[in-house]
């Protein structure tokens, strides 16, 4: 009977230990925002320094990059192939953040943001989504870059891009 009680007690202890949930480290929203700000600043700096490895290591393997042209909807591989010649020449782009807003999901595993950027194209807006990978690192999953157009200039821009839009839209007919 003693052996049975010992074996039963050890079994209960073993199953209890195995079923305990491993708690993920508690991290505050403020800490997440600090981490994400650092990642995004380093990402933009990597482009300014033409550091191909650091730039593309910030993107998740399944990331999407949407550029300013309607045809620019790239996977990470497509985008990296397009960018490689620029980085190899030591001249990529230099986007300077002017303002950034960062938001987190309730479970703190997904972050989305928007930012205003000073670029060679003038003021642009970037927006995106980040997610923690299995190594607990933030990675950019989705990024959209758009050129900001003042409302009182939109008619001029619409007129300028009519021909290009009609050529692009003909692909969808």
Q | Selection within the range 38-82 - loosely packed, with under 14 Cβ neighbours inside 10 Å, within 26 Å of residue 166 (Cβ to Cβ), in contact with a strand residue (DSSP E or B) (Cβ under 9 Å, 6 or more places away or on another chain) and in contact (Cβ under 8 Å) with a residue 40 or more places away in the chain | A | 68
Q | Scope the range 113-148; condition closer than 18 Å to residue 34 by Cβ and either in contact (Cβ under 8 Å) with a residue 60 or more places away in the chain or not in a strand (DSSP E or B) (or both); matching residues | A | 113, 115, 130, 131, 136, 137, 138, 139, 140
Q | Matching entry among 110, 160 (being out of contact with any helix residue (DSSP H, G or I) (no Cβ under 7 Å at 6 or more places or on another chain) and either closer than 27 Å to residue 35 by Cα or surrounded by 12 or more Cβ atoms within 10 Å (Cβ to Cβ) (or both)) | A | 110
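Check the range 95-102 and report whether any residue there is touching a helix residue (DSSP H, G or I) at 6+ places or on another chain (Cβ under 6 Å), in a loop (DSSP other than H, G, I, E, B) and surrounded by 14 or more Cβ atoms within 10 Å (Cβ to Cβ). Break it down stepwise before answering.
Restricting attention to the range 95-102, the residues satisfying the condition of being touching a helix residue (DSSP H, G or I) at 6+ places or on another chain (Cβ under 6 Å) are 95, 102.
Now narrow it down to the ones that are in a loop (DSSP other than H, G, I, E, B): 95.
Okay, now just the ones that are also surrounded by 14 or more Cβ atoms within 10 Å (Cβ to Cβ), so 95.
Within the range 95-102 (the criterion being touching a helix residue (DSSP H, G or I) at 6+ places or on another chain (Cβ under 6 Å), in a loop (DSSP other than H, G, I, E, B) and surrounded by 14 or more Cβ atoms within 10 Å (Cβ to Cβ)), the answer is yes, since at least one residue qualifies.
Determine, yes or no, whether residue 93 is more than 25 Å from residue 133 (Cα to Cα) and either over 17 Å from the mean Cα position of the chain (by Cα) or without any contact (Cβ under 8 Å) to a residue 12 or more places away in the chain (or both).
On the way: more than 25 Å from residue 133 (Cα to Cα): yes; either over 17 Å from the mean Cα position of the chain (by Cα) or without any contact (Cβ under 8 Å) to a residue 12 or more places away in the chain (or both): yes.
So residue 93 fits the description; yes.
Test residue 35 against the criterion of being under 19 Å from residue 146 (Cβ atoms), in contact with a strand residue (DSSP E or B) (Cβ under 7 Å, 6 or more places away or on another chain) and either at pLDDT 95 or above or in a helix (DSSP H, G or I) (or both), and give yes or no. I'd like the intermediate steps shown before the answer.
Details: under 19 Å from residue 146 (Cβ atoms): no; in contact with a strand residue (DSSP E or B) (Cβ under 7 Å, 6 or more places away or on another chain): yes; either at pLDDT 95 or above or in a helix (DSSP H, G or I) (or both): yes.
When the stated conditions are applied, residue 35 does not pass them.
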Q) Restricting attention to the range 138-146, does a residue exist that is touching a helix residue (DSSP H, G or I) at 6+ places or on another chain (Cβ under 7 Å), surrounded by 10 or more Cβ atoms within 10 Å (Cβ to Cβ) and more than 27 Å from residue 48 (Cβ to Cβ)? A) no
**Q.** Any chance residue 91 is modelled with pLDDT under 95 and either surrounded by 13 or more Cβ atoms within 10 Å (Cβ to Cβ) or out of contact with any strand residue (DSSP E or B) (no Cβ under 6 Å at 6 or more places or on another chain) (or both)
**A.** yes
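The values are calculated or read from the model by the stated rules, or taken from the named source; none is laboratory data. Bear in mind that the values here come from a model prediction, so they are computed numbers and not experimental data. All Cβ positions, even for glycine, are placed from backbone atoms using ideal geometry, and neighbour counts span all protein chains on display.
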